[in-house]
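Enquirer: Can you read through this structure? Questions will come right after.
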2 protein chains.
Amino acid sequence: MTDLLEQLRKAVGDRNVLSGAAVHTDYTHDEALTATAVAPLAVVLPSSTEEVADILRTASQLQLPVVVRGSGTGLSGGCLPVSDGILIAFDRMRAIKEIDPENQVAVVEPGVTLEELDGALAPLGLIYPVQPGEGSASIGGNVATNAGGMRAVRHGVTRHHVLGLEVVLADGTVMRTGGKFVKSSSGYDLTQLLIGSEGTLAVTTEITLKVQPRLAEAATILAPFATLAEVALAVPQIVSSGVDPSILEYIDVLAMSGITASAGLDLGVPDEIKAAALAYLVVVLEGTHAVRVEEDVDSLATLLSTLGALDVFVLPSGAGTALIAARERAFFVSKAAGADDIVDAVLPRAGIPAYLARVATLAGQCGALITGCGHVGDGNVHLSVFLQDDERRHALLDTIFETAIAAGGAVSGEHGIGTEKRSYFLDTSDTVNLELMRSIKRVFDPLGILGPERLFDTDKATA
Amino acid sequence: MTDLLEQLRKAVGDRNVLSGAAVHTDYTHDEALTATAVAPLAVVLPSSTEEVADILRTASQLQLPVVVRGSGTGLSGGCLPVSDGILIAFDRMRAIKEIDPENQVAVVEPGVTLEELDGALAPLGLIYPVQPGEGSASIGGNVATNAGGMRAVRHGVTRHHVLGLEVVLADGTVMRTGGKFVKSSSGYDLTQLLIGSEGTLAVTTEITLKVQPRLAEAATILAPFATLAEVALAVPQIVSSGVDPSILEYIDVLAMSGITASAGLDLGVPDEIKAAALAYLVVVLEGTHAVRVEEDVDSLATLLSTLGALDVFVLPSGAGTALIAARERAFFVSKAAGADDIVDAVLPRAGIPAYLARVATLAGQCGALITGCGHVGDGNVHLSVFLQDDERRHALLDTIFETAIAAGGAVSGEHGIGTEKRSYFLDTSDTVNLELMRSIKRVFDPLGILGPERLFDTDKATA
């Protein structure tokens, strides 16, 4: 242990290796509701790719488990430390290295947060359109989980905006993939393989992102519906209509009252409609021309009326922004209300009504309260599950995930598997797929030191 | 050999194993200009996933090399047979299994061509927007090379539209990846790893594609420029402007005269402008509303004038379509003119002026003629190289590829590496990247039977 700390200090400087009481509790957890905080042997704060390479050479030599942390805003335990390993935290690698408007590219270190990047892009009329609801999240963390967010319905997820990576392999080798080009047919796409690998294949030290012109005009539409099923049935029609919404969310009545109360938000929905509404659809339209956005709002409003909306409210700009901001806090509202776990399964868009109906039945059967909201436009439903008993909750979640998979879906649409959804992932995954993933893991990380207990059972991953 | 044919006949039926004189010359090549036709031991025509699995079990047992062919329209020798192996051709796996408008998804067998799929989607108001210029190309081949095309600047490439695959592994195991959902954070993205792997990792038997609403309104703009450099410099400005072109192509004067002459096309460009123009920019704008497209045409025309266009022609609908169709035949025009090889390096968009200037210098130095056109909006330049002497042409291409890579690019933007660009790919690739790719190849195909001589040197891939 003394040797270890000594070697790490040599790599990053005395002040940048924290151990014992110097490890702030922030480093011991992420935002997953189910995880127990764990103190690592040491927290290491590199300031450069070379220092990361030094750290990994040491870790390889000592066969030391390594977990990587960005801002710690993950929801699946992806950066939960292990007690017999180190935590690399990117607090000191937060440089926006380059913004290149000609190539529509930004190059950042992994610790840069979404709001920092946005602050740098906005003055140039540019935007990185992946916005997973938490501005303090790091780009490195977004790459690790292939983060999504409300705008994925139009703009896609992290995977669609990362053009290249610099990573350090488990043995300390530095590798670059991709570059400032938007497509390539030149060998296997290692960039895509690394995205979403949750720190189990390599440690990302630089990210080249595709950025795009910022759309100046926006409008927010709120449509209450009498039933959740009607909301879910409306979604494919809206997607097919060609209005191309930037945001297409559903919020059930419980989630809506939670987030509006928490934000002190009055959306001006009359009481008689509130009383009849069991679910809300929120649609944001964006464009380059105000007139066009207004026209699209009109045609969408007409469409929503034919699809059974109780009314259609075009929110004033301030209220629209406030509603989206409040929706982004939905997780914290659930957490404050005492939610015991969250589920973010993804499934074919048209399968959502049946899925939500089944979830409601299952919740009723076991006395759980389940509220929901989510990216219904891309089939990614977020459920907050209130059921304290661990065993019964696990059984309920098992059934919910099985339902999603049987409907042609997957365990997580954007949160990732991490440590906390691993058992559900392993239980529901095809064994051929899993075996290939494990073999790929061994290719990148033969000693099995990167991201232990994430995605796989460690013993199997390194067997 | 008799044993082999016997086993294959058992798998697919007597009529569906071709050998000797029964192998039509079409099966012995693709469209690569540099490849020599090769007859395989046998051509096998499966009709189902199960038959493909049977064939691969036989191949594994006999350690028999396997090459896969769709329509044979590839440009890099990706489906060039090997003389000691078999060719699986998907002539009989051409079913469009499902079009699901609610989920905006199409499920197809690999032999389905782009024009067949378009024929099925158009009546539903849907489109698969990846259009690599050759309607007879198969979707399976598109997946193998991660095909792009003129519309990639707006809609992305094959990789961005494949949601899931069914593949057969080298040992005959059938595996499914992804599904009818548009995003996932549930383990490594094997779908993305398989796309663009050129038949070296697995054999694709079913593809789930994302489709989208068809845009009804379109306009084509032709802008002649005095120099190639001005065209290339205009491109980043157009991309930044937010008009979001569906097509953004440059065509140099030689390529333009070749393709218009070949198509018998008169675009109405006055002689004095033709005389002054060394390069043309072609921009297609598409949208849901005619008025908006017209407005965008106006603002783009203004922008083009400030960027140095000699004039701006808004082509009548028929001429616009004819120009795009003629541009799609550019390869065949080059081929008919006797081109000796083609290059489709991709690089950062803003690096194109310097790249093209360097290419012109290199061509001059070695007495080669190089004409060009290409997807300048996404940095993917297509060059036709006229230089008969193999050795000198190889040396020239080596330097051209080195130039592209030094500018931050890659060997191929959409054609793939195949057999014909392999030496350039191996010479210019980073060894760490290559070694990881080879190790991944060994995970999927430990016997090294799939796609021999493609991407890697076979001996190294299986070492």
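Enquirer: When N is the residue count of the range B:389-432, what does its C-alpha Rg come to as a fraction of 2.2 N^0.38 Å? Walk me through the numbers on the way to the answer.
Expert: Working: Rg = 10.3 Å, N = 44, 2.2 N^0.38 = 9.3 Å.
Here the answer is 1.12, to two decimals.
Enquirer: Over all distinct alpha-carbon pairs, what is the Kirkwood Rh of the range A:16-163 in angstrom?
Expert: Answer for the range A:16-163: a Kirkwood hydrodynamic radius of 16.2 Å.
Enquirer: Quickly estimate the mean residue ellipticity at 222 nm for chain B, helices only: each DSSP H run with n ≥ 4 gives -39500 (n - 2.57), and the total goes over all residues, rounded to 500. Let's see the in-between values first.
Expert: Values: 17 runs with 172 residues, N = 463.
After summing the helix terms and dividing by residue count, I get -11000 deg cm²/dmol.
Enquirer: Buried accessible area for the A:B pair, summed, 1.4 Å probe, in Å² rounded to 100?
Expert: 5900
Enquirer: Continuing with the same structure: Three principal axis extents, largest first, for the C-alpha atoms of the range A:344-462, in Å?
Expert: Principal-axis extents of the Cα atoms in the range A:344-462, largest first: 45, 32, 21 Å.
Enquirer: Which value results when the Cα radius of gyration for the protein assembly as shown is divided by 2.2 N^0.38 Å?
Expert: Numbers: Rg = 27.6 Å, N = 926, 2.2 N^0.38 = 29.5 Å.
Relative to the 2.2 N^0.38 Å estimate, the protein assembly as shown comes out at 0.93.
Enquirer: Same structure, new question: Might you report the magnitude of the Cβ-based charge dipole of the range A:313-463 about its Cα centre, with Lys and Arg at +1 and Asp and Glu at -1, to the nearest 20 debye?
Expert: 360
Enquirer: Under a plain spin-label model, where a point goes 7 Å from the Cα along Cα-to-Cβ, how far apart in nm are B:Asp26 and A:Leu447?
Expert: 5.6
Enquirer: Something else now. Can you work out the FRET efficiency for the pair A:Ser439 and A:Glu391, with r the C-beta to C-beta distance and R0 = 30 Å, to the nearest 0.05?
Expert: 0.35
Enquirer: Taking a label point 7 Å from Cα toward Cβ, how far is B:Gln365 from its twins in the other copies, in nm, shortest first?
Expert: Ordered by increasing distance: 7.3 nm.
Enquirer: Give me D for the range A:1-99 in µm² s⁻¹, whole number, from Stokes-Einstein with Rh from the Kirkwood sum over alpha-carbon pairs, 20 °C and 1.002 mPa s.
Expert: 157
Enquirer: Oh, and also: May I ask you to derive the FRET efficiency for B:Thr321 and B:Asp298 from their Cβ-Cβ distance with R0 = 30 Å, giving the value to the nearest 0.05? Show your work: numbers first, answer last.
Expert: Working: r = 21 Å, r/R0 = 0.70.
The computed FRET efficiency comes out at 0.90.
Enquirer: Size of the range B:127-277 along its principal axes in angstrom, Cα-based, largest extent first?
Expert: Principal axes ranked by extent give 64, 33, 30 Å for the Cα atoms.
Enquirer: Mind jotting down a quarter of the surface of the convex hull over the alpha carbons of the range B:239-388, in square nanometres, one decimal?
Expert: Here the figure is 9.3 nm², rounded to one decimal.
Enquirer: Let me confirm one metric for peptide A:341-348, namely the mean number of other chain beta-carbon atoms within 10 Å of its residues' beta-carbons.
Expert: Values: counts 0, 0, 0, 1, 3, 7, 4, 11.
If you average over the peptide's residues, the count of other-chain Cβ atoms is 3.
Enquirer: When all C-alpha to C-alpha distances in the range B:248-290 are sorted into bins of 10 Å, what percent of pairs does each bin hold, rounded to whole numbers?
Expert: 23, 51, 18, 8
Enquirer: Output, in nm with one decimal and in ascending order, the distances from the B:Ala325 label point to the matching label points of the other copies (7 Å from Cα along Cα-to-Cβ).
Expert: Values, ascending and in nm: 5.5.
Enquirer: Average partner chain C-beta neighbours within 10 Å, per residue of B:173-179?
Expert: Working: counts 3, 1, 6, 3, 4, 2, 9.
Mean shielding count: 4.
Enquirer: Hey, could you grab the Kirkwood Rh for chain A? Inverse mean 1/r over distinct alpha carbon pairs, Å, one decimal.
Expert: 23.0
Enquirer: Kindly report the accessible area of chain B per residue (heavy atoms of protein chains, probe 1.4 Å, no ligands, DNA or RNA), in Å².
Expert: Each residue of chain B exposes 35 Å² on average to a 1.4 Å probe.
Enquirer: Something else about it: Of A:Lys210/B:Lys183; A:Lys274/A:Lys335; B:Lys183/B:Lys441; A:Lys335/A:Lys421; A:Lys335/B:Lys180, which pairs sit farther than 21 Å apart, going by alpha carbon to alpha carbon?
Expert: The pairs that break the limit, which is 21 Å between Cα atoms, are A:Lys274/A:Lys335; B:Lys183/B:Lys441; A:Lys335/B:Lys180.
Enquirer: Nearest the rotation axis from B to A, which residue of chain B has its beta carbon, and at what whole-angstrom distance?
Expert: Here the nearest residue and distance are B:Gln192, 2.
Enquirer: Here is a follow-up. Ignoring ligands, DNA and RNA, what percent of the 1.4 Å accessible area of the protein assembly as shown is carbon and sulfur?
Expert: After summing per-atom areas, the C and S share lands at 51 percent.
Enquirer: Between copies, how close do the B:Val314 label points come, placed 7 Å along Cα→Cβ, listed in nm from shortest?
Expert: With the label placed 7 Å along Cα→Cβ, B:Val314 yields 2.7 nm.
Enquirer: At R0 = 30 Å, how high is the FRET efficiency between B:Ala216 and B:Leu369 if r is their beta carbon distance? Nearest 0.05 is fine. Could the numbers behind the result be given before it?
Expert: Details: r = 41 Å, r/R0 = 1.37.
The computed FRET efficiency comes out at 0.15.
Enquirer: List the residues of the range A:69-109 for which accessible area in the full set of protein chains is at least 20 Å² lower than for the chain on its own; 1.4 Å probe, protein heavy atoms only.
Expert: Checking the loss per residue gives A:Glu102, A:Asn103, A:Gln104.
Enquirer: Another one. So if each residue of separation counts as 0.36 nm, and I subtract the Cα-Cα distance between A:His289 and A:Ser48, what length gain in nm does that give?
Expert: Difference between extended and current length: 82.5 nm.
Enquirer: Please report the net charge: other residues with Cβ closer than 10 Å to the Cβ of B:Pro245, K and R +1, D and E -1.
Expert: With Lys, Arg at +1 and Asp, Glu at -1, the neighbours total -2.
Enquirer: Below 8 Å between Cα atoms, with a sequence gap of 6+, how large is the relative contact order for chain B in percent?
Expert: Working: 979 pairs, mean separation 75.4, N = 463.
In percent, rounded to a whole number, it is 16.
Enquirer: With an 8 Å Cα cut-off and a minimum separation of 6 or more residues, compute the relative contact order for the range A:129-184 in percent.
Expert: Working: 61 pairs, mean separation 15.1, N = 56.
Value for the range A:129-184: 27 percent.
The values are calculated or read from the model by the stated rules, or taken from the named source; none is laboratory data. Note that the structure is predicted; figures quoted are calculated from it, not measured. Please note: Cβ atoms are built from the backbone with ideal geometry, for glycine as well, and neighbour counts cover all protein chains shown. We work out accessible area using only protein heavy atoms, side chains counted, and drop any ligands, DNA or RNA first. Shrake-Rupley method; radii C 1.70, N 1.55, O 1.52, S 1.80 Å.
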